[in-house]
Amino acid sequence: MILRKLHSTVCIVGAGPAGAATSIFLSKLGIEHIIVDAATFPRDKVCGDGIDIKAVRMLNHIDPSIIPNELLQSDKYTPSFGFRFIGPNGKNNDFIYTPKAGEETRVPFFVSKRIHFDDFLIKKIDLKTADFRQATKVKTISKEGDTWKLIATDTDGELEITCKLLVGADGDHSTVLRYLGDRKINRLHYFSSIRQYWKGVEGMHEKNLLEIHFTNDLPMSYFWIFPLANGEANVGFGMTSELAKKHKVNVREAFRNIIANDSAIAHRFKNAEPIDEIQGWGIPAASLKRKVVGDGWLLVGDAASMVCPTTGEGIGTGMMTGYIAAKFIEKGIKENNFSEANLSSYTREVFKRIEPEIGKYNFSLKYPFVLNFIANHLIKDNFISQSLMKKEFARWITTCYDKEVIVDVR
Ligand SMILES: Cc1cc2nc3c(=O)[nH]c(=O)nc-3n(C[C@H](O)[C@H](O)[C@H](O)COP(=O)(O)OP(=O)(O)OC[C@H]3O[C@@H](n4cnc5c(N)ncnc54)[C@H](O)[C@@H]3O)c2cc1C
């Protein structure tokens with residue numbers, strides 16, 4: 001059998017939010033490329049399904065009409081107007097963004113099952129410039145001179161893909177990372193986490209608040225309830241893996257225990273029922289500071305370990321790395337130079353946007369119970385916390401609806 005061959009200057013492995021965003025932004029720059037994904041979409045991805053402010057910002061960069069004309073017109077995207085923090089002391093505090101008159105399309109967050117969101121995103125891939133292949137799994141990667149050779153399998157057998165610049169967008173279990181020899185897990189910067197869909201959880205807020213619950217006896221962890229359409233909710237729990245190991249916490253048991261026994265939570269699940277099995281997946285936090293660029297390669301999203309360590313959000317940071325990567329790929333093509341030296345500022349540009357959260361996370365790693373102390377204070381419903389959050393909301397909305405992300409490729 002003759003091996004089928006494909007070639008392009010750029011090949012992206014993975015079409016989750018990070019890979020799809022890289023492709024979409026490359027197309028906007030007129031750059032032809034190949035993008036492959038092992039899955040056939042729509043496909044699920046274990047997640048809290050919270051579309052955070054960075055993801056909203058990236059959607060606005062793709063096309064400002066997406067939010068008013070698509071997301072807000074479909075019940076697959078639940079607009080959320082704020083947070084409910086439930087403290088280790090069991091007290092609630094709701095922080096709600098109130099849009100100004102005429103500003104109703106400026107929603108800060110959405111919740112959308114990944115089976116819908118990721119499928120929505122891959123449909124934005126521009127097939128005029130992108131050769132997009134689903135059900136195409138990269139099996140082996142090798143390099144001859146400055147050319148990458150990928151062997152993938154699809155429904156017709158084996159496929160050889162060659163390229164000069166390889167983009168690893170293949171998530172937490174990345175094959176690209178394994179080839180680069182860097183897939184080791186550091187439990188201090190990795191969260192064990194689970195998700196389960198439920199129906200009938202009571203006491204959800206009419207503004208679809210994202211509920212985050214901190215518990216006293218489980219340091220560096222949180223339990224969430226994120227509202228979905230039709231009375232459904234994404235319910236989950238995540239904890240820093242190192243502390244789960246140290247305190248002998250089984251995250252599935254901890255999750256079940258909160259639902260059954262936690263005084264702030266259990267009564268809300270009395271008449272609720274799960275609608276699928278508990279699903280687990282890891283969360284690679286940006287505080288690891290993985291090497292994200294080398295000679296002829298770039299990593300984006302979870303493959304780059306790019307999840308915000310304080311919130312567990314990786315959709316927006318993944319899409320943002322895709323946006324930034326596209327600018328560096330454009331530079332590499334213009335200068336016909338994909339060397340690490342030429343692309344090295346990619347590291348600065350991706351980390352500078354998440355550095356403050358890395359600082360906070362590393363501080364709380366040293367003093368894990370400080371997080372709960374802060375959380376208890378956040379829960380206090382008073383003038384100071386409400387006015388601080390009001391200012392934050394205003395800043396977030398301006399940033400994600402009005403401000404372009406400026407990338408310095410020098
Ligand atoms: C329980 C849990 C809750 C979370 N909650 C949130 C949340 O509420 N909000 C948020 O923003 N983030 C959340 N995250 C993080 C978020 O899910 C990830 O950060 C995000 O999916 C990263 O996107 P990605 O495109 O990098 O990777 P992925 O979404 O994992 O996509 C990788 C893609 O690569 C493909 N692939 C893998 N291997 C190959 C191969 N060999 N060949 C070809 N294709 C391949 C896969 O099929 C997949 O489509 C959560 C994570 C977990 C586990």
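In debye to the nearest 20, how big a dipole does the stretch 298-387 give about its Cα centre with +1 on each Lys and Arg Cβ and -1 on each Asp and Glu Cβ?
180 debye
Amide H of E313: which non-local residues (sequence gap of 5 or more, or other chain) have their own amide H closer than 5 Å, using H built in the peptide plane?
Here C308 satisfy the definition.
Across every pair of different alpha-carbon atoms, what Kirkwood hydrodynamic radius in Å does the stretch 252-334 reach?
The answer is 15.8 Å.
Among V407, V350, which comes first, then next, by fewest other beta-carbon atoms within 10 Å?
Result, fewest neighbours first: V407, V350.
At a Cα cut-off below 14 Å, give the aspartates and glutamates reachable from K291, other chains included and same-chain residues fewer than 8 away excluded.
D182, D302, E340, E349
Could you order peptides 363-370, 86-93, 210-217 by the average number of other Cβ atoms within 10 Å of their residues, highest first?
210-217, 86-93, 363-370
What's the ranking of 131-140, 105-114, 185-194 by average number of surrounding C-beta atoms within 10 Å, highest first?
The packing order, highest mean first, is 105-114, 185-194, 131-140.
Can you give me the P(r) profile for the chain? Cα pairs, bins 20 angstrom wide beginning at 0, each as a whole percent.
Bins of 20 Å from zero give 27, 57, 15, 0 percent of pairs.
How much length would be gained if the chain were fully extended between N250 and K366, taking 0.36 nm per residue of separation minus their Cα-Cα distance, in nm to one decimal?
Taking 0.36 nm per residue and subtracting the Cα distance, the gain is 39.6 nm.
Along the charge dipole of the stretch 11-114, pointing to its positive end and built from +1/-1 on Cβ of Lys, Arg, Asp and Glu, which listed residue (A39, Y97, M58) has its Cα farthest out?
In the stretch 11-114, that residue is Y97.
With a 10 Å Cβ neighbour count serving as the proxy for reagent exposure, in which order, fewest first, do R84, R410 appear?
Least to most surrounded, the residues fall as R410, R84.
Return the unpartnered cysteines for the chain, using a Cβ-Cβ cut-off of under 4.7 Å.
Among the cysteines of the chain, those whose Cβ sits 4.7 Å or more from every other are C47, C308, C400.
How many nm separate the modelled label positions at E206 and K28, each set 7 Å beyond the Cα in the direction of the Cβ?
Each label point lies 7 Å from its Cα, and together they span 3.7 nm.
Quick check: net charge around P79, other residues with Cβ under 12 Å of its Cβ, Lys/Arg +1 and Asp/Glu -1?
0
Share of antiparallel DSSP beta bridges in the chain, in percent to the nearest 5?
The antiparallel proportion sits near 70 percent.
Compute the Cα gyration tensor for the stretch 114-260, then decide on rounded, prolate or oblate, letting a ≥ b ≥ c be the square roots of its eigenvalues: rounded whenever a/c is under 1.5, prolate when a/b is larger than b/c in the other cases, and oblate in all that remain.
Because a/c hits 1.5 or more and a/b fails to exceed b/c, the stretch 114-260 counts as oblate.
L127 versus A266, label points 7 Å from Cα toward the beta carbon: distance in nm?
5.4 nm
When we measure straight from the Cα of K5, which lysines land under 17 angstrom away, once same-chain ones fewer than 8 places off are left out?
Straight-distance partners of K5: K137, K139, K143, K149, K164.
Treating cross-link reach as a plain straight distance, find the lysines whose alpha-carbon is under 18 Å from the alpha-carbon of K391, omitting any fewer than eight places away in the same chain.
Straight-line reach from K391, under 18 Å: K54, K100, K380, K403.
Counting Lys and Arg as +1 and Asp and Glu as -1, each charge on the Cβ, what is the dipole of the stretch 282-331 about the Cα centre in debye, to the nearest 20?
160 debye
Using packing as a proxy for protection, rank 7-18, 247-258, 290-301 so that the peptide with the highest average count of other Cβ atoms within 10 Å comes first.
Descending mean neighbour count gives 7-18, 290-301, 247-258.
Using a Förster distance of 25 angstrom, determine the FRET efficiency expected from the C-beta separation of H173 and F351, and round it to 0.05.
0.65
Each value in this text was obtained by applying a stated rule to the coordinates, not by laboratory testing. The structure presented is a predicted model; accordingly, all values stated were derived computationally and were not measured. A quick note on method: Cβ atoms are made from the backbone with ideal geometry, for glycine too, and the neighbour counts reach across all protein chains shown.
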